Ligand code: SF4
């Protein structure tokens, strides 16, 4: 297919993402992790507010799988896919914490991932937001007490936002990302 044919095809197809839902409602300032609405939380975290102020609607996201069953990754892929399309709200996945504003963590923190998680967060420039996505990341979920588990994300690094669910719905992940981008 030539470039011109491709451009015509794109023009004919138009936008295929779902219509954008309204912006997430603001929670009262000072709301901390795990106190929010719609399965995600932390609207009033100072780190979230700082990132939102500095980045003017754009946030680069480094994903860390600290010990997930891969269920959260499937929903995360859906959140960035064409239907939920988190990128239209300014959130974008990047390959390096050096380029990131948000560290998005899924899964319980396993022994082998404890140090890489600490190092990844440390390598992310300030101001940064750490987001715990899924019940395992929030409180170890169904893997609490398992022999290879060090703890939840908040046991190792400070968490600014969290998204509940096992796995969390892509729409809830998008709501949390929109709280960071403010779009
Ligand atoms: S929260 Fe559920 S889907 Fe996500 S890693 Fe844990 S067990 Fe898997």
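Read-outs: derived from the displayed coordinates by stated rules, not from any lab. Quantities reported herein were computed from a predicted structural model and do not represent experimental measurements. Backbone-built Cβ (ideal geometry, glycine too); neighbour counts: all protein chains shown.
Would you mind checking the tilt of helix 170-181 against the longest principal axis of the Cα atoms of the chain, expressed as 0 to 90 degrees and rounded to 10?
90
Please arrange 163, 150 by how many other C-beta atoms lie within 10 Å of their C-beta, fewest to most. Don't skip to the answer; put the middle values down first.
On the way: 163 32, 150 18.
In order of increasing Cβ crowding within 10 Å: 150, 163.
What ranking do 117, 93 get, fewest neighbouring Cβ atoms within 10 angstrom at the top? Display every interim value, and only then the final one.
Working: 117 23, 93 17.
The fewest-first ordering by Cβ neighbours comes to 93, 117.
Can you bin the chain into rounded, prolate or oblate? Criterion: square roots of the alpha carbon gyration tensor eigenvalues sorted a ≥ b ≥ c, rounded for a/c under 1.5, prolate for a/b above b/c, oblate for the rest.
Values: a/c = 1.77, a/b = 1.51, b/c = 1.17.
Since a/c reaches 1.5 and a/b is larger than b/c, the shape of the chain is classed as prolate.
Calculate, for residue 83 and residue 119, the FRET efficiency according to 1/(1 + (r/R0)^6) with r their C-beta to C-beta distance and R0 30 Å; round to the nearest 0.05. Don't skip to the end; give the middle numbers.
On the way: r = 34 Å, r/R0 = 1.13.
Computed FRET efficiency for residue 83 and residue 119: 0.35.
Between residue 23 and residue 50, what is the spin-label point distance in nm, taking each point 7 Å from the Cα along the Cα→C-beta axis?
2.2
Helix 111-123 against the longest principal axis of the chain: what's the angle in degrees, Cα atoms only, rounded to the nearest 10?
The angle comes out near 60 degrees.
Quickly estimate the mean residue ellipticity at 222 nm for the chain, helices only: each DSSP H run with n ≥ 4 gives -39500 (n - 2.57), and the total goes over all residues, rounded to 500. Walk me through the numbers before you get to the answer.
Values: 6 runs with 60 residues, N = 183.
For the chain, the value works out to -9500 deg cm²/dmol.
Starting with the fewest neighbours, write out 131, 1 ranked by other beta-carbon atoms found within 10 Å of each beta-carbon. Mind dumping the intermediate values first?
Numbers: 131 27, 1 7.
Ordered by Cβ neighbours within 10 Å, fewest first: 1, 131.
Give me the number: length gained by fully extending residue 5 to residue 70, i.e. 0.36 nm times residue separation minus the C-alpha to C-alpha distance, one decimal in nm.
Values: separation 65, 0.36 × 65 = 23.40 nm, distance 3.81 nm.
Additional length available on full extension: 19.6 nm.
Can you give the angle from 0 to 90° between the axis of helix 3-13 and the longest principal axis of the chain, with both taken from C-alpha atoms, to the nearest 10?
Rounded to the nearest ten degrees, it is 80.
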